[in-house]
Amino acid sequence: RRQNSSTDEAPGKSSTPMIKRRISSRSNSSASKDELGNNAENRKQKPKQVKPDILCSFCLQTKDERGESMISCCLCGASGHPSCLQFNTALTERVKLYDWECIECKKCELCRNSGDDATLLFCDDCDKGFHMSCLVPPLPGEPDGHWSCLYCVDGSTYWADKIRKTGHREKMLKKKSDKASRRKQLLDDLAMFHEAQSRAQSAMSEEAKSSPKGKSGKKKGTVGPPTIKSIELGCYEITAWYSSPYPAEYALQNKLYICEFCLKYMKSGVIASRHIAKCPARCPPGDEIYRKETISVFEVDGRKNKTYCQ
């Protein structure tokens, strides 16, 4: 797409700033090759990513003042509203899919050189720049009417792949954000649990101190304060958070060993290993009512299996 001249405008209307900039950049075709080379070197020295301007280069308004998002150059940071740049909706959406370059910084997409601006064409569908001599086959002159580049011609999947990759990248970023959010939630839940556990232990200690005691100085109905710190159930060692009414000979142990099949509790690991070697039970003493993969649910009758249910 070659730039519009003043003869293409309606009578009585002046050229827009955008068209003036484009005409001025194209009318400088008489510049020497050294000057063009110096300009290209200067453009290469610009940073690839800069902070975008908050003001439109044409109307000098922000996106909030005009109520319209802006497009920014990835090399110089110059910004502009799509309406000021004379971009339609489809062109605006496509420009947002890649690192857009303004008219002053635009390079040929094939040779990545900004020299010979007089032969640089702009695609009407994506606003990318191409030298007429770099195209295959080369164009002898500027085309008439609407011109589409090799990325936008019918049958090209370039933009479809670009949209799919952009969507995949956004999906991965969202997945990563969700994972971080879930991790934070787990940490918060763990902190809440530890806080609740400490409060429960403090309340139990206060209750133990304030409860009535017998003549022997011990709590009524118990042999002494429970000292069970953990239990070993199968291959797992579990910290005991609360006390349970075990018999006196077990309540004073620091660790209890429990058979994972029949739930028999024992005082030592030796006794537990001997019991497990002889224990015939390999499932709860009841009826299996549900199974999914490696998980089974059993229904146990407390009248028939009182000890197990206790």
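Just so it is clear, none of the values below were taken in a lab; they were calculated from the coordinates. Fair warning: this is a prediction, and the values are worked out from it, not measured in the lab. Counting neighbours? That spans all protein chains shown, and the Cβs are built from the backbone with ideal geometry, glycine included.
Quick notes on this one:
- Neighbour-limited loop hits for trypsin sites (Lys or Arg not before Pro), segment 55-161 (at most 13 other Cβ within 10 Å; DSSP other than H, G, I, E, B): LYS96, ARG112
- Karplus-derived HN-Hα couplings along segment 284-300 (A = 6.51, B = -1.76, C = 1.60, θ = phi - 60°), whole Hz, x at Gly and Pro: x, x, x, 9, 6, 10, 7, 8, 9, 6, 9, 10, 10, 10, 10, 10, 10
- Whole-Hz couplings from phi, Karplus 6.51/-1.76/1.60, listed for segment 195-204; x for Gly and Pro: 5, 5, 5, 5, 5, 5, 5, 5, 5, 5
- Cut-off 13 Å between beta-carbons: net charge of the residues surrounding PHE261, Lys and Arg +1, Asp and Glu -1: +2
- Amide H contacts of LEU121 (H built 1.01 Å from N, under 5 Å, at least 5 apart or other chain): PHE130, HIS131, MET132
- Computed log₁₀ I(q)/I(0) - Debye formula, equal Cα scatterers, no solvent, segment 226-310, q 0.23 Å⁻¹: -1.20
- Mean Cβ neighbour count within 10 Å, used as a protection proxy, ranking 84-91, 257-264, 118-125, 280-287 highest first: 118-125, 257-264, 84-91, 280-287
- A straight line joining the Cα centroids of segment 112-148 and segment 55-77 runs 26 Å.
- Backbone phi angles across segment 116-130, fed through the Karplus curve with coefficients 6.51, -1.76 and 1.60 (θ = phi - 60°), yield HN-Hα couplings of 6, 5, 5, 9, 8, 9, 10, 5, 6, 9, 9, 6, 6, x, 9 Hz in residue order; Gly and Pro are listed as x.
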